[in-house]
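Structure record follows, encoded as structure tokens.
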Amino acid sequence: MGEDYPGYFPVGDTQALANLLWRAETDTEFYNTLRGCCARLRPLFDPAREKQSWEDLLRELFPGLEKG
């Protein structure tokens, strides 16, 4: 997602997550920034692209692997 992604919070830090969610609910500018980042990143999480990336990686790691 990138180092500049505004939706990060420390793993396991529920208070930081709560603060982030509250900010998204109450700060329109922050919410719009977050939405814009998500919209730009959406193509990276396309299911077909994900599947193809896994297949490519597995073929690279295991050259004899048949497509199936």
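The values are calculated or read from the model by the stated rules, or taken from the named source; none is laboratory data. It should be emphasised that the depicted structure is a prediction, and the values quoted were computed from it without experimental measurement. No Cβ is skipped: glycine too gets one built from the backbone with ideal geometry, and neighbour counts run over all protein chains shown. The protein model used for the area step is the full one, side chains on, heavy atoms only, and it has no ligands, DNA or RNA in it. Shrake-Rupley method; radii C 1.70, N 1.55, O 1.52, S 1.80 Å.
Normalised size of the chain, defined as Cα radius of gyration per 2.2 N^0.38 Å with N residues, equals 1.61. Relative to the current alpha-carbon distance between Asp46 and Glu66, full extension at 0.36 nm per residue lengthens the span by 4.9 nm.
Run the accessible area of the chain with a 1.4 Å probe and give the carbon-and-sulfur part as a rounded percent. That share works out to 58 percent.
3J(HN,Hα) couplings calculated from phi for the stretch 41-46 with the Karplus curve 6.51 cos²θ - 1.76 cosθ + 1.60 (θ = phi - 60°) are, in sequence order, 8, 3, x, 5, 10, 5 Hz; Gly and Pro show x.
Simple point charges give the picture: +1 on the Cβ of Lys and Arg, -1 on the Cβ of Asp and Glu, and for the chain a dipole about the Cα centre of about 220 debye. In the context of the full set of protein chains, residues of the chain present 86 Å² of accessible surface per residue (probe radius 1.4 Å, heavy atoms only). Placing unit charges on the Cβ atoms of the charged side chains and taking the dipole of the stretch 4-65 about its Cα centre, the candidate lying farthest along the positive direction among Ala24, Gly12, Pro47 is Pro47.
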